[in-house]
1. Any idea how far apart residue 21 and residue 133 come out in nm if each label point goes 7 Å out from Cα toward Cβ?
2. Once fully extended, how much extra length lies between residue 83 and residue 70, figured as 0.36 nm per residue of separation less the alpha-carbon to alpha-carbon distance?
3. Quick one: length gained pulling residue 148 to residue 43 fully straight, 0.36 nm per residue minus the C-alpha distance?
4. Please rank 102, 97, fewest neighbouring Cβ atoms within 10 Å first, as an exposure proxy.
5. Can you tell me the FRET efficiency between residue 119 and residue 173 if r is taken as the Cβ-Cβ distance and R0 is 25 Å, rounded to the nearest 0.05?
6. Sorted from fewest to most neighbouring beta carbons within 10 Å, what does the list 121, 174, 113 look like?
């Protein structure tokens, strides 16, 4: 990777890796749990809900008119009864639709966790890009930074995230355990070992926090992967000797 931009995981990549339409609010037809932690996303979600209910009402008008005409005592001028039927049918279908998307969300719990880690990864890249821009205008004598080490850590984190997203897609589409998942788990474990080595050997500078953050993301990805691998574990030969807690 020659630049920070290439280390980002883009929305197009996410859609290719997951096989789903990914946005800030939705993953496929399911709502991302992160919606409830962001006021901006929550507002967007509520707006989409209002628009969806409006569409249900519009499409239910003809069906409601048919139902109303078959009710005893209904006349062409009985607008209140017609509107109440239309609203009742629309709200019922809207409730069924929301029940469906929430059920879909439960099936994609691990994917939602991985998407949160992808966002952390991309935000870390943005922060590093900003810090580099600030460093470029600082006075001479500022502490030198091993840029290659930062790039290596970010590349390992990116690789781990891609492996985990690929594994999640495999498990979701093919419930039977297959050999490729173990290979991907081993790749993530190796990347995690690389991150630990880089973090331990990093100089005590302001960029050290990004190595620690990359390691933290790697640990979270590995925890999610434990739910995919047979027996909930990764082969011992790929596990580091020390405990799986990021250095303070």
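1. Spacing of the two 7 Å Cα→Cβ label points: 3.2 nm.
2. Details: separation 13, 0.36 × 13 = 4.68 nm, distance 1.47 nm.
Contour length minus the Cα-Cα distance gives 3.2 nm.
3. Working: separation 105, 0.36 × 105 = 37.80 nm, distance 4.04 nm.
Using 0.36 nm per residue and subtracting the Cα-Cα distance, I get 33.8 nm.
4. Neighbour counts put them in this order, fewest first: 102, 97.
5. 0.60
6. On the way: 121 22, 174 11, 113 18.
By the 10 Å Cβ count, ascending: 174, 113, 121.
A short reminder: the numbers here are calculations on the coordinates, not readings from a lab. No experiment lies behind these values; they were computed from the predicted model shown. Glycine also receives a Cβ, built like all others from the backbone with ideal geometry; neighbour counts cover every protein chain displayed.
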